[in-house]
Amino acid sequence: MAIRDDFPILKREVNGFPLIYLDNAATTQKPQVVLDAMNDYYTSSNANVHRAVHTLAGEATEGYESCRTKLKDWFNAERAVLTSGTTEAINLVAHSWGRANLSEGDVIVLTEMEHHSDIVPWQMLAEERKIELRYVPVMENFTLDMDAYAASLDGAKLVCVVHTSNVLGVRNPMEEIIELAHSKGALVLVDAAQGVPHERIDFQEFGADFMAFSAHKMCGPTGIGALLIHPDVFETMQPFMGGGDMIETVTITGSTYQTNEHKFEAGTPKIAEAVGWCAALDWMSKLDLQKEHQRLIGIGRWVAAELRTLGMAVYGRHEKHDSAVVSFNHPTIHSEDLAHLFDARGFAVRTGHHCAQPLLNRLGVSGTVRASFYLYNTMEEAELFVEQLKQITERFG
Ligand SMILES: Cc1ncc(COP(=O)(O)O)c(C=O)c1O
């Protein structure tokens with residue numbers, strides 16, 4: 001498989017066995033072009049951005065800003081703030097938009113499916129401002145209760161929804177969710193951390209007001225992500241973090257701020273990471289993402305069916321637009337033990353609550369084993385994974 005050749009890490013062994021990396025919902029591996037781009041940047045262009053006039057500073061600025069340009073192009077977005085990841089992007093909305101627009105008695109609608117990074121910032125704000133948080137329940141079929149969602153919108157100012165669940169792989173009906181929220185006058189923040197690796201979203205057509213995601217879930221580096229903001233909302237938002245680079249003028253009596261995205265990017269930004277993300281986007285743009293997604297969900301569906309046949313409790317539905325994430329529990333072997341047994345044979349899978357404790361509470365479990373497939377994973381690896389599970393069950397089950 002040609003894609004695999006681009007990922008040097010896939011050639012390594014773990015505990016004497018070829019690595020089979022199935023922890024892609026946590027983070028994805030990086031193609032050589034990303035490693036080279038970051039290395040080249042530090043080797044030949046390293047400088048700080050936006051300020052100095054020397055050649056290196058110009059190259060660094062161009063590298064950093066071209067990431068923003070590429071993101072705007074990739075997502076058809078007018079405003080793209082570079083953050084440290086999805087988590088910081090959501091916190092930015094809570095601080096900059098939330099603090100300016102929400103007060104006692106206001107309502108934010110969340111779902112039981114959210115990652116902690118789309119719950120905790122709102123709980124903090126709710127405590128500070130006495131805001132009401134309403135959670136849309138997850139039903140037995142692993143989807144959101146859309147009737148409850150519609151009913152929860154009365155008086156809501158903001159809806160925060162995960163595009164695709166990192167535990168279930170379920171892709172939520174975002175278009176319907178956004179339309180309904182807007183019809184009731186609420187803005188919408190989409191946590192697209194697990195969505196953008198699988199689906200090329202046109203932000204303007206999508207219609208959300210905020211969309212947060214991380215580079216490292218789409219073959220880019222850790223430490224960088226983005227917040228796309230609808231331009232009308234962007235104009236109304238003030239920075240919450242002050243410092244260098246985000247100002248226009250500073251005197252001892254006060255400061256004025258930049259009016260573009262820089263107003264939210266105080267301090268020295270993630271320059272090498274931006275350069276690496278550019279390389280990842282270039283690399284991904286050569287793929288047919290839709291075709292790859294169909295191949296991966298095919299693998300996910302097959303694994304989920306096999307696991308059910310083997311008596312596992314599988315959480316998720318694995319339909320056409322869902323991601324290839326298979327969360328499950330063994331009837332007799334604890335999830336942590338199972339993950340260790342897999343690791344002993346070179347398989348990397350995730351266990352625990354996946355930073356989604358409310359969802360796991362809803363499922364009635366404290367943890368699951370999660371195998372998540374991405375661009376470089378093959379059907380052969382999926383078969384080996386299922387075979388390994390059979391062998392573990394025969395020996396320890
Ligand atoms: C759905 C979802 N939201 C948010 C995050 C947080 O992303 P980051 O840690 O890159 O900020 C993750 C990461 O696992 C995620 O899966």
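The numbers here are math on the coordinates, done by the rules we state, and not lab data. Remember, predicted model here, so these are calculated numbers, not experimental data. Methodologically, a virtual Cβ is constructed for each residue, glycine included, from the backbone with ideal geometry; neighbour enumeration extends over all protein chains shown.
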Report summary line: So, relative contact order of the range 214-310 in percent, Cα under 8 Å, 6 or more apart, is 26 percent
Query raised in the report: the range 1-101: percent of C-alpha pairs farther apart than 20 Å?
Result: 62 percent
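For V33, what charge total do you get from the other residues with a beta carbon under 11 Å from its beta carbon, if Lys and Arg give +1 and Asp and Glu give -1?
Values: positive: K30, K286; negative: D6, D36, D40, D282.
With Lys, Arg at +1 and Asp, Glu at -1, the neighbours total -2.
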Report summary line: Rounded to the nearest 10 degrees, the helix 120-129 long axis (Cα) sits at an angle to the longest Cα principal axis of the chain of 40 degrees
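Can you give me the relative contact order of the range 34-285 as a percent, contacts being Cα pairs under 8 Å and 6 or more apart?
Working: 465 pairs, mean separation 63.6, N = 252.
Rounded, it is 25 percent for the range 34-285.
How large is the dipole of the chain about the Cα centre if only Lys and Arg carry +1 and Asp and Glu carry -1, each at its Cβ, rounded to the nearest 20 debye? Walk me through the numbers before you get to the answer.
Values: 33 positive and 53 negative charges, 123 e Å.
Charge dipole of the chain: 600 debye, to the nearest 20.
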Requested in this report: Could you work out the Rg to Rh ratio of the chain, with Rh taken as the Kirkwood radius (inverse of the mean 1/r over all Cα pairs)?
Outcome: 0.99
Query raised in the report: Sorted by average packing, counted as other Cβ atoms within 10 angstrom per residue and highest first, what order do 236-247, 212-223 take?
Result: 212-223, 236-247
Query raised in the report: For the range 22-93 and the range 101-152, what is the separation of their C-alpha centers, rounded to whole Å?
Result: 31 Å
Report summary line: With only helices counted (DSSP H, runs n ≥ 4, each -39500 (n - 2.57)), the per-residue ellipticity at 222 nm for the chain, to the nearest 500, works out to -11000 deg cm²/dmol
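Multiply the residue gap between H182 and E132 by 0.36 nm, knock off their C-alpha separation, and tell me the result in nm, one decimal place. Kindly include the intermediate steps, with their values, before the conclusion.
Working: separation 50, 0.36 × 50 = 18.00 nm, distance 1.89 nm.
16.1 nm is the gain from fully extending H182 to E132.
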Query raised in the report: How do 292-299, 76-83 rank on mean C-beta neighbours within 10 Å, highest first?
Result: 76-83, 292-299
Query - Global form of the range 86-133, assessed from the alpha-carbon gyration tensor, a/c cut-off 1.5 - result: oblate
**Report entry** Largest to smallest principal axis extent of the C-alpha atoms in the range 266-397, angstrom
**Finding:** 50, 34, 30
Requested in this report: Show which lysines lie in cross-link reach of K270 when reach means a straight Cα distance below 22 angstrom and same-chain residues fewer than eight apart are skipped.
Outcome: K30, K70, K72, K217
Query - Tilt relative to the chain, helix 289-309 - C-alpha long axis, 0 to 90 degrees, to 10 - result: 40 degrees
